[in-house]
Amino acid sequence: MKYLVLSLLACSCIAAQAEDTSATASDEPKLGWSTTAELGAITTSGNTKGTSVTGKIDSSHEMEHWSNEYSLSAFYKRDETTTDDGNTLIQTSAERYAASAKGGYRLDSDSARLFIYGSHIDDRFGAYTEYSTVAIGYGDQIFKTKDMSLDGEIGPGYARGKTDAGEQENGLLVRSAATFRWQLSDNARFKQTVALEYGEDNKRTVAESSLTSKLNGRLQMKAAFSVQNDSKVPVGKQKTDTQTSLTLVYSF
């Protein structure tokens, strides 16, 4: 499944290149990439020692007919403890990598589009150590005001996962997602994303609430809270994982 996701990413890039070469400068809006990179790290010492690092890269490519999105993220946490006999024990307690790509083809409407989406997650300590999704469907803007907007999408798909117990799961699903944006001021904005993958074996919900404040022209500070819930998990694993992060974001 991970190779299928990578193939989708490659196809989206090829489609973007084809769009660039076939369009003319006179009838096409300005093309280009928009990318943000964020990084956060916490180190503790004293009675409790440890290091956690989180990072993410989001990139989008807007064209006349195509609107493509790409995302890479990672989270790593290491704990250092001292045993009763005085020895130092270093353990990795979290290690997660995720990649996704989405290509959207604009229809006659300014906001309506057909999309193809693919994602893959490796989570060493999660209920699912591997989880991949592929989906196609329709998306549109539900409403938009001067400061707020809400986008939604829905479509059928296929998921394949490997649980912490080593069991393989796969099957058809329905994927729906929504993104709410609120420009609070010239320097601050709120964003809420929700995605639901409803399959026969597992129902996965992923949501993130974030508040971003601009520090200067390109540098921003972001506070975020994310939740992931799986309806079916192996014995001994929690159904819900949460993460609170504070990161610096650079736009280019």
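Expressed as a whole percentage, what fraction of the accessible surface of region 122-168 belongs to carbon and sulfur atoms when a 1.4 Å probe is rolled over the protein heavy atoms? After summing per-atom areas, the C and S share lands at 53 percent.
Between helix 2-22 and the chain there is an angle of about 30 degrees, using the helix long axis and the longest principal axis of the Cα atoms. Summarised as an ellipsoid, the chain has semi-axes of 34, 24, 17 Å, derived from the eigenvalues of the Cα gyration tensor scaled by 5 and square-rooted, with the largest first. Taking amide hydrogens as placed 1.01 Å from N in the peptide plane, the amide H of residue 125 sits under 5 Å from those of 95, each at least 5 positions away in sequence or on another chain. Residues in region 136-149 carry Karplus couplings, in order, of 10, x, 10, x, 7, 8, 6, 7, 8, 10, 4, 10, 10, 8 Hz; the curve used is 6.51 cos²θ - 1.76 cosθ + 1.60 with θ = phi - 60°, and Gly or Pro positions show x. The alpha carbons of region 81-136 stretch over 71, 19, 12 Å along the principal axes, in descending order. Only protein heavy atoms count here; under a 1.4 Å probe, residue 215 has an accessible surface of about 100 Å². The 3J(HN,Hα) values that the Karplus relation (6.51, -1.76, 1.60; θ = phi - 60°) gives for region 54-71 are, in residue order, 10, x, 7, 10, 10, 9, 9, 10, 9, 9, 5, 10, 10, 9, 10, 10, 9, 8 Hz. Gly and Pro appear as x.
Compute the label zone of residue 33 within region 50-65: residues whose backbone N is under 15 Å from the point 7 Å along Cα-to-Cβ. Under 15 Å, as judged by backbone N against the label point of residue 33, lie 57-63 of region 50-65.
Averaging over all projection directions, find the projected area of the Cα convex hull of region 152-221 and quote it in nm² with one decimal place.
The directionally averaged projection comes out at 6.5 nm².
Of the two radii for region 108-225, the radius of gyration is 1.05 times the Kirkwood radius, both from the alpha carbons; that is the Rg over Rh value.
In what sequence, highest mean first, do 224-232, 237-245 appear when ranked by Cβ atoms within 10 angstrom?
My ranking of the peptides, most packed first, is 224-232, 237-245.
Only DSSP H runs of four or more residues enter the estimate; each adds -39500 (n - 2.57), and after division by the residues of the chain the mean residue ellipticity at 222 nm equals -3000 deg cm²/dmol. Shown here for region 96-154: chymotrypsin sites (Phe, Trp or Tyr not before Pro) in loop regions (DSSP other than H, G, I, E, B) with at most 14 other Cβ atoms within 10 Å, namely 125.
The values are calculated or read from the model by the stated rules, or taken from the named source; none is laboratory data. Small disclaimer: the values here were computed from a predicted structure and weren't measured. Using ideal geometry, Cβ is built from the backbone for each residue, glycine included, and neighbour counts are taken over all protein chains shown. The accessibility values were calculated without ligands, DNA or RNA, using every heavy atom of the protein model including side chains. Shrake-Rupley method; radii C 1.70, N 1.55, O 1.52, S 1.80 Å.
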